[in-house]
Amino acid sequence: MSSTDTGRGTPTALLIGASRGLGQAMAAEFLDRGWDVVGTVRDTTAHTPLHDLADRAGGRLTIERLDINEPGHLAPLHERLAQRRFDVLFVNAGTTNNELTPIGAVPTADFVEVMVTNALSPMRVIEALEDLVSPTGLIGVMSSGQGSITNNTNAGREVYRGSKAALNMFMRSFAVRQAGTRRGFVLMAPGWIRTALGGPDAPYSVEESVPLLLDVLLSRLGTPGLAYLDRSGRTVPW
Ligand SMILES: NC(=O)c1ccc[n+]([C@@H]2O[C@H](COP(=O)([O-])OP(=O)(O)OC[C@H]3O[C@@H](n4cnc5c(N)ncnc54)[C@H](OP(=O)(O)O)[C@@H]3O)[C@@H](O)[C@H]2O)c1
């Protein structure tokens, strides 16, 4: 275990969109590695897999509320967390729809939902909460290999691909604005994984994937600058 602020004690991660799927599994993996975790869910009335994890975590996992598409949730969350400092802020929340629909046939409301959830809202979260991250900490966001323009040789999932490519561009702008800081920035391409979003045909399980994702993320802690990385730590062509 190591903290980016020497002597400050247990390292802590803030995971946005951690109710289930990869986010919940990342929370579990951080806890297994000795970190404390604050994880967000959007519906505090539901009992999610993150709540099951909190029940077993002996007070090391705190659950907060955030719908990333509700900008009004951000200031109250910031206020509740204002006394804490995070070594890692990672925005995992994301969505998809119209996976088989050519982009011109995607209904406008569906386009807006995916673009706002996957591209605009993660950046709003990062910009609203970045001052809670240690000066030598890491800010990451769940992108996708589908966000690579270079690697798009077979189309499909067009609105989703566009949203993750947009996310990559926005994160790059953010990282440029943070140039000169000692923070690391990561766009994670986790591979195709069997979750509600990934579906049953994906080749990888959550269990085998999440330790790899944490290895890659934490390898960038203390390394300034932005990287777009796959589950093996290889750079994904933009
Ligand atoms: N699985 C894959 O193959 C794959 C591949 C590449 C990238 N990814 C990315 O990995 C991330 C996690 O996906 P997953 O596979 O774990 O999918 P998932 O099981 O469907 O989980 C999606 C998570 O995002 C949260 N979320 C969605 N919209 C939100 C909002 N407006 N506010 C707050 N939270 C919201 C969900 O919360 P609720 O429980 O409230 O719905 C849930 O925790 C996504 O960004 C996805 O694009 C996944």
Within segment 181-191, is even one residue open to solvent by less than 10 Å² (accessible area, probe 1.4 Å) and either free of Cβ contacts under 8 Å to residues at least 40 places away in the same chain or basic (Lys, Arg) (or both)? no
For segment 105-130, which residues satisfy the criterion of being farther than 24 Å from Leu81 by Cα and among the acidic types (Asp, Glu)? Asp110, Glu113
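Could you list, in sequence order, the residues of segment 161-208 that are assigned to a helix (DSSP H, G or I), more than 16 Å from Val114 (Cβ to Cβ) and either touching a His at 6+ places or on another chain (Cβ under 9 Å) or hydrophobic (A, V, I, L, M, F, W, C) (or both)?
Those that are assigned to a helix (DSSP H, G or I), more than 16 Å from Val114 (Cβ to Cβ) and either touching a His at 6+ places or on another chain (Cβ under 9 Å) or hydrophobic (A, V, I, L, M, F, W, C) (or both): Met171, Phe174, Ala175, Val176, Val206.
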Restricting attention to segment 28-39, and to residues there that are without any contact (Cβ under 8 Å) to a residue 40 or more places away in the chain and under 14 Å from the mean Cα position of the chain (by Cα), which single residue is nearest to the ligand (Cβ to nearest atom)? Gly39
Index of the failed condition, Lys164 passing every other in (1) surrounded by 17 or more Cβ atoms within 10 Å (Cβ to Cβ); (2) over 26 Å from Glu64 (Cα atoms); (3) of a type in the set (Lys, Arg): (2)
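Only one of these is under 15 Å from the mean Cα position of the chain (by Cα) and either on the phi > 0 side of the Ramachandran plot or free of Cβ contacts under 8 Å to residues at least 24 places away in the same chain (or both): Leu212, Leu129. Name it. Break it down into steps so the answer makes sense when it comes.
Details: Leu129 fails: either on the phi > 0 side of the Ramachandran plot or free of Cβ contacts under 8 Å to residues at least 24 places away in the same chain (or both).
Of Leu212, Leu129, the one residue that is under 15 Å from the mean Cα position of the chain (by Cα) and either on the phi > 0 side of the Ramachandran plot or free of Cβ contacts under 8 Å to residues at least 24 places away in the same chain (or both) is Leu212.
Restricting to segment 157-169, name every residue that is touching a residue at least 40 places away in the same chain (Cβ under 8 Å) and within 14 Å of the ligand (Cβ to nearest atom).
Going through segment 157-169, the residues touching a residue at least 40 places away in the same chain (Cβ under 8 Å) turn out to be 157-160, 162-164, 166-168.
Matches in segment 157-169: Arg157, Val159, Tyr160, Gly162, Ser163, Lys164, Ala166, Leu167, Asn168.
Quick check, is Ile149 in contact with a strand residue (DSSP E or B) (Cβ under 8 Å, 6 or more places away or on another chain), hydrophobic (A, V, I, L, M, F, W, C) and modelled with pLDDT of 95 or more? Even if it seems obvious, please write down each step before you answer.
Values: in contact with a strand residue (DSSP E or B) (Cβ under 8 Å, 6 or more places away or on another chain): no; hydrophobic (A, V, I, L, M, F, W, C): yes; modelled with pLDDT of 95 or more: yes.
No; evaluated as a whole, the condition is false for this residue.
One residue is enough: does segment 9-27 have a residue meeting the conditions within 16 Å of the ligand (Cβ to nearest atom), of a type in the set (S, T, N, Q) and open to solvent by 60 Å² or more (accessible area, probe 1.4 Å)? Spell out the reasoning first.
Step one: filter segment 9-27 for residues within 16 Å of the ligand (Cβ to nearest atom), giving 13-27.
Next cut, of a type in the set (S, T, N, Q) only: 19, 24.
Of the ones still in play, those that are also open to solvent by 60 Å² or more (accessible area, probe 1.4 Å) are none.
The answer is no; no qualifying residue exists.
Report, by residue number, each residue of segment 97-126 that is of a type in the set (Ser, Thr, Tyr) and under 14 Å from the mean Cα position of the chain (by Cα). Working first, answer last.
Keep residues of segment 97-126 that are of a type in the set (Ser, Thr, Tyr), which gives 101, 108, 117, 121.
Within segment 97-126, Thr117, Ser121 qualify.
The values are calculated or read from the model by the stated rules, or taken from the named source; none is laboratory data. Since the structure is predicted, the reported quantities are computational estimates derived from the model, not experimental observations. All Cβ positions, glycine included, derive from the backbone under ideal geometry; neighbour counts span all protein chains shown. To get the accessible areas, we keep the full protein, side chains included, count just its heavy atoms, and leave off ligands, DNA and RNA. Shrake-Rupley method; radii C 1.70, N 1.55, O 1.52, S 1.80 Å.
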